[in-house]
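Student: Mind having a look at this structure? Questions to follow.
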Amino acid sequence: MNGSISRFVFFIFLLSFYGCKDSSKERIIDFERSIPKQNNLFTIPQKVKNDFLQKFPKLEMIKKEEYSNLFWDFYDRNMIPNECYTDINNDQILDYAVLIKDGNQLKLGIIFSSHKDYSYWISPFSMQNIKPERVHFCISVKPAGRTDVVKKVPESLVIKKNGFLLKNLEQDCFIFYETNKEIKMFKML
């Protein structure tokens, strides 16, 4: 009798997880645009990329072919390391991050989506000089939360919204996040 009660409680417990629906992905919209799939990976829509390049004709987006063999020793070759998207400013519309070349300098570009328009931010500094050994940096989403870094003096960052994380190979280097309609940067090294 005791065993059947515990099985029943366990069954109800498992059933409660099945009934939960993750609605977090349903709330973010991208005003009448969709994120195209490329080999089961989501990419930034080509129109968004074209508009960015038209606005900044001297800049080029980093291509997968520009990554070093050393980089691909750490990551899956099917990933798209040079672009990323999330809602960085909590307006419920997707924003995008792309790695770009300004001459031989590697920089980060952020594309903010708003209702039927875009605004842009380009990092004022370079992350890497692009040399013959090629690109080692990638971009990903940094979820809201606390980040602690131990340098000479311990530092902490608490972000209330998603941000973009820039990595050099597997080393976290910079977090870019939005606060008060301004992009801030937290250096991890």
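The values are calculated or read from the model by the stated rules, or taken from the named source; none is laboratory data. Fair warning: this is a prediction, and the values are worked out from it, not measured in the lab. Note that we place each Cβ from the backbone using ideal geometry, even for glycine, and neighbour counts take in every protein chain shown. When the accessible area is computed, the model is the full protein with side chains, heavy atoms only, and any ligands, DNA or RNA have been set aside. Shrake-Rupley method; radii C 1.70, N 1.55, O 1.52, S 1.80 Å.
Student: Spelling out what I want: for every residue of region 90-101, take phi, set θ = phi - 60°, compute 6.51 cos²θ - 1.76 cosθ + 1.60 (Karplus), and round to whole Hz; glycine and proline get x.
Tutor: Per-residue couplings from phi come out as 6, 9, 6, 10, 5, 10, 10, 10, 9, 8, 10, 9 Hz.
Student: Please work out how much length the chain gains when fully extended from K64 to V150, using 0.36 nm per residue of separation minus the C-alpha to C-alpha distance, in nm with one decimal.
Tutor: 27.7 nm
Student: Something else now. Go through region 176-189 residue by residue and turn each phi into a ³J(HN,Hα) via Karplus (6.51, -1.76, 1.60, θ = phi - 60°); whole Hz please, and just put x for glycine and proline.
Tutor: Karplus values, whole Hz, x for Gly and Pro: 10, 9, 10, 8, 6, 6, 9, 7, 10, 10, 10, 8, 8, 9.
Student: Now, a different point. List every residue whose amide H lies under 5 Å from the amide H of C84, counting only residues 5 or more places away in sequence or on a different chain, with H placed 1.01 Å from N in the peptide plane.
Tutor: Placed amide hydrogens put A97 under 5 Å from C84.
Student: Sequence-distant or interchain residues sharing an amide H contact under 5 Å with C173, placed H: which?
Tutor: L166, K167, N168
Student: Next up: Between H115 and I80, what length in nm is gained on full extension when 0.36 nm per residue of separation is reduced by their alpha carbon distance?
Tutor: 9.9 nm
Student: By the gyration tensor of its Cα atoms, with a ≥ b ≥ c the square roots of the eigenvalues, what is the shape of region 115-189: rounded for a/c under 1.5, prolate for a/b over b/c, or oblate?
Tutor: Since a/c reaches 1.5 but b/c is at least a/b, the shape of region 115-189 is classed as oblate.
Student: Something else: Check the straight Cα-Cα distances from K131 and name the aspartates and glutamates below 12 Å, setting aside those fewer than 8 residues away within the same chain.
Tutor: E66
Student: Averaged per residue, what accessible surface does region 112-177 expose to a 1.4 Å probe, in Å²?
Tutor: 57 Å²
Student: Hey, which aspartates and glutamates would be in cross-link range of K55, C-alpha to C-alpha under 16 Å, not counting anything within fewer than 8 residues on its own chain?
Tutor: Qualifying aspartates and glutamates at Cα under 16 Å: D102, D117.
Student: Here is a further query. Counting only protein chains, not ligands or nucleic acids, how are I175, I130 ordered by accessible area (probe 1.4 Å), most first?
Tutor: Solvent-accessible surface, decreasing: I130, I175.
Student: Still on this structure, I have one more. With θ set to phi - 60° and the Karplus curve 6.51 cos²θ - 1.76 cosθ + 1.60, what are the ³J(HN,Hα) couplings of region 50-55 in order, to the nearest whole Hz, using x for Gly and Pro?
Tutor: Taking θ as phi minus 60°, the curve returns 4, 4, 4, 5, 5, 5 Hz for region 50-55.
Student: Say a paramagnetic label sat at a point 7 Å from the Cα of S140, along Cα to Cβ; which residues of region 91-123 have their backbone N under 17 Å from it?
Tutor: Residues 97-99 fall inside that zone.
Student: Still on this structure, I have one more. For region 59-189, just say rounded, prolate or oblate: build the C-alpha gyration tensor, square-root its eigenvalues into a ≥ b ≥ c, call rounded for a/c under 1.5, and beyond that prolate if a/b exceeds b/c, oblate if not.
Tutor: Oblate is the answer for region 59-189, as a/c is 1.5 or above yet b/c matches or exceeds a/b.
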